[in-house]
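Enquirer: One structure, as structure tokens, below. Some questions next.
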Amino acid sequence: MTDIIIVGAGPAGLTAAIYAQRAGRKAVVFEASVYGGQIVNTPEIENYPAIKKISGYEFAQTLYEQAKDLGAEIKMERVVGIKDGGSVKTVVTDKGEYECRAVILATGAKNRPLGLENEKALIGKGVSYCATCDGMFFRGKTVAVAGGGNTAVEDAFFLSNYCEKVYLIHRRDEFRAHEREVEKLRAKENVEFVLNKNVTALREDGGRLCAVEVTDKNTNEKQELSVAGLFVAIGQSPDNTAFENVASLADGGYIKAGEDCLTGTDGIFTAGDCRTKAVRQLTTAASDGAAAALAASGYIDSMDI
Amino acid sequence: MAAVVVTSANFEAEVLKADKPVIVDFWASWCGPCKMLSPVIEDIADTEDSVKVASVNVDDEMGLASQYGISSIPTLLVFKGGQLVNQSVGVIGRDEILALAK
Ligand SMILES: Cc1cc2nc3c(=O)[nH]c(=O)nc-3n(C[C@H](O)[C@H](O)[C@H](O)COP(=O)(O)OP(=O)(O)OC[C@H]3O[C@@H](n4cnc5c(N)ncnc54)[C@H](O)[C@@H]3O)c2cc1C
């Protein structure tokens, strides 16, 4: 039987695997999409201690190799549920069932969608969640960015360097983004602020996005903007609904846990962006990975007595 | 066999006129997820005789990318008998890739 199963091979899950292996435990990590998690798309990381600059891809690749070299197993399967049998937990994936003694939930967060009907179908056909990844395909075209935080404002700035025109659509008239960044954007001639408006529909033509409908929050007036691309930057959201039977969730779907990474269920731990916390960064994800793995290892010790 | 590097000059011969299904991987060197997909694509190229595997560097071949409406990478397109029959955006596993070409 595996000692510790880790759900999610992001920075938190892979760090947990490193600490588990080094504590003499056998760790298996399950990953539903790409190991490395959210960070793989980031061109440059400049705030991880002792690494001045690294690409997200290189960070993910190095972390993955480090965990693997220490003996952790990484399996590309999606975890769909956990059966808590006390001293033995059964992790259910889309391909099989695996028994273990402790589980660490490190499912992270994903880009939050707008929640519009045809949004998913238009991904890669005009709808994107990553301006630095997909921006170049919209060179010389008109695009929109939805959101009001730092990511939205930075995305709009980045896109304004390539695109004919950029609409920044925000549901308020104030920004959460740094004022300095907003001012920089205001100075751009090809950026138009569309404020107090929500994106309420996506129009398509021949299977591709051709316009967005925006609705004024106060007057309910609708307006259509012709765009070739829409970059959605309205934050991240977790998805832990499959684990509600073993971990209680806070509003917003984050797993309730403190710095100790305990979920309240014996033998079920959590780490990284998927838990309730104030700062969601690589350093805090790595920190949780260490805390959760050592707590899990200590739990297994206590069961053996 | 390694994936065939495809350009607008040989796209017709290598992809549209191929005698088996072709999986075309649109990628770029600055795209992290593309680099994660590449080993899987190369592995399919090396081990699966039933399909042909081709790769398009979008930085060099913006024309091909826009012709096929690529606006996010990695994107995989699958052609059979000169027709586009399937596509997928983002990193997916080996089994899912092969299923696209079934
Ligand atoms: C654009 C962007 C830029 C960023 N830049 C920085 C930066 O410069 N510096 C910094 O410190 N932080 C940065 N961050 C934040 C940082 O990426 C996150 O804090 C960190 O990735 C969190 O790690 P994690 O392991 O908790 O979660 P994630 O990275 O989200 O990883 C979770 C993993 O779990 C997998 N998973 C989820 N559910 C399941 C399931 N049911 N079964 C199997 N696998 C599952 C997911 O596929 C994912 O791979 C950035 C984030 C974004 C989006």
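Please treat every number below as a calculation from the coordinates, not as lab data. Not measured: the values here are computed from a predicted model. Please note: Cβ atoms are built from the backbone with ideal geometry, for glycine as well, and neighbour counts cover all protein chains shown.
Enquirer: Of A:THR241, A:THR15, A:THR270, which is the most mobile in a GNM of chain A whose springs link Cα atoms less than 10 angstrom apart?
Expert: Between A:THR241, A:THR15, A:THR270, it is A:THR241 that shows the largest mean-square fluctuation.
Enquirer: List, in order, the whole-Hz ³J(HN,Hα) value for each residue of segment A:205-210 obtained from phi through the Karplus relation with A = 6.51, B = -1.76, C = 1.60 and θ = phi - 60°; use x for Gly and Pro.
Expert: Per residue, the Karplus-derived 3J(HN,Hα) values read 9, x, x, 10, 4, 10 Hz.
Enquirer: How large is the Kirkwood hydrodynamic radius of the protein assembly as shown, counting all unique pairs of alpha carbons, in Å?
Expert: Radius from the Kirkwood sum: 22.8 Å.
Enquirer: Counting only other chains, and only Cβ atoms inside 10 Å, what mean value do you get across the residues of B:25-38?
Expert: On the way: counts 0, 0, 0, 2, 0, 6, 8, 15, 10, 3, 6, 9, 1, 0.
Across the residues of B:25-38, the mean count of other-chain Cβ atoms within 10 Å is 4.
Enquirer: Right, here's the next one. HN-Hα J couplings of segment A:271-284 from phi, Karplus 6.51/-1.76/1.60, θ = phi - 60°, integer Hz, Gly and Pro as x?
Expert: 8, x, 4, 6, 9, 5, 6, 8, 10, 10, 9, 4, 4, 6
Enquirer: Along the charge dipole of segment B:1-99, pointing to its positive end and built from +1/-1 on Cβ of Lys, Arg, Asp and Glu, which listed residue (B:CYS31, B:GLN67, B:PRO21) has its Cα farthest out?
Expert: Going by the charge dipole, the pick is B:GLN67.
Enquirer: Hey, another quick one. How many nm separate the modelled label positions at A:GLN66 and A:GLN223, each set 7 Å beyond the Cα in the direction of the Cβ?
Expert: Label-label distance for A:GLN66 and A:GLN223, simple model: 4.8 nm.
Enquirer: Select from B:SER38, B:SER50, B:SER71 the residue whose mean-square fluctuation is largest in a Gaussian network model of chain B (Cα-Cα springs shorter than 10 Å).
Expert: The residue with the greatest mean-square fluctuation here is B:SER71.
Enquirer: Which net charge results when you count Lys and Arg as +1 and Asp and Glu as -1 among the other residues whose beta-carbon is under 10 Å from that of A:GLN236?
Expert: Numbers: positive: A:LYS110, A:ARG112, A:ARG280; negative: A:ASP273.
Net local charge, A:GLN236 excluded: +2.
Enquirer: Let me ask something else about it. Just rank A:HIS170, A:HIS178, fewest to most, by other beta-carbon atoms within 10 angstrom.
Expert: Lowest count first: A:HIS178, A:HIS170.
Enquirer: Provide the packing ranking of A:249-255, A:231-237, i.e. peptides ordered by the mean count of other C-beta atoms within 10 Å per residue, highest first.
Expert: Highest mean packing first, the order is A:231-237, A:249-255.
Enquirer: Follow-up. With an 8 Å cut-off on Cα pairs and a minimum separation of 6 or more residues, tell me the relative contact order of segment A:120-232 in percent.
Expert: Here the relative contact order equals 31 percent.
Enquirer: Using θ = phi - 60° and the Karplus relation 6.51 cos²θ - 1.76 cosθ + 1.60, list the HN-Hα couplings for segment B:74-89 in order, rounded to whole Hz, with x at every Gly or Pro.
Expert: For segment B:74-89, the Karplus curve yields x, 10, 10, 10, 10, 10, 10, x, x, 9, 6, 10, 7, 7, 8, 10 Hz.
Enquirer: Out of the GluC sites (Glu not before Pro) in segment A:210-305, which ones are loop residues according to DSSP with at most 15 other C-beta atoms within 10 Å?
Expert: Answer by residue number: A:GLU221, A:GLU244, A:GLU259.
Enquirer: I want to verify a result. In a Gaussian network model of chain A, Cα cutoff 10 Å, which of these has the top mean-square fluctuation: A:ALA102, A:ALA278, A:ALA131?
Expert: For chain A, modelled as a Gaussian network with Cα springs under 10 Å, the answer is A:ALA278.
Enquirer: Express in whole angstrom the spacing between the alpha-carbon centres of segment A:207-280 and segment A:57-102.
Expert: Their Cα centres are 23 Å away from one another.
Enquirer: Right, next: List every residue whose amide H lies under 5 Å from the amide H of A:LYS26, counting only residues 5 or more places away in sequence or on a different chain, with H placed 1.01 Å from N in the peptide plane.
Expert: Correct list: A:ASP3, A:ILE4.
Enquirer: Right, here's the next one. Projected onto the charge dipole of the protein assembly as shown (+1 at Lys/Arg Cβ, -1 at Asp/Glu Cβ, origin at the Cα centre), which of A:VAL227, A:TYR299, A:ALA271 gives the Cα projection farthest towards the positive end?
Expert: A:VAL227
Enquirer: Report the Cys residues of chain A lacking a disulfide-compatible partner, meaning no second Cys Cβ under 4.7 Å from their Cβ.
Expert: A:CYS100, A:CYS163, A:CYS210, A:CYS261, A:CYS274
Enquirer: Ignoring everything except DSSP H segments at least 4 long, calculate the 222 nm mean residue ellipticity for chain A; use -39,500 (n - 2.57) per segment, divide by total residues, nearest 500.
Expert: Result for chain A: -7500 deg cm²/dmol, rounded to the nearest 500.
Enquirer: Subtract the Cα-Cα distance of A:ALA201 and A:LYS256 from 0.36 nm times their separation in residues, and report this length gain in nm to one decimal.
Expert: Gain in length upon complete extension: 16.4 nm.
Enquirer: For every helix of n ≥ 4 consecutive DSSP H residues, a contribution of -39,500 (n - 2.57) applies; sum these over chain B, divide by its total residues, and give [θ] at 222 nm rounded to the nearest 500 deg cm²/dmol.
Expert: -8000 deg cm²/dmol
Enquirer: Could you pull out every residue, at least 5 positions away or on a different chain, whose amide H is within less than 5 Å of the one on A:LEU230? Hs are placed 1.01 Å off N in the peptide plane, and Pro or chain starts have none.
Expert: A:VAL127, A:SER128, A:ALA144
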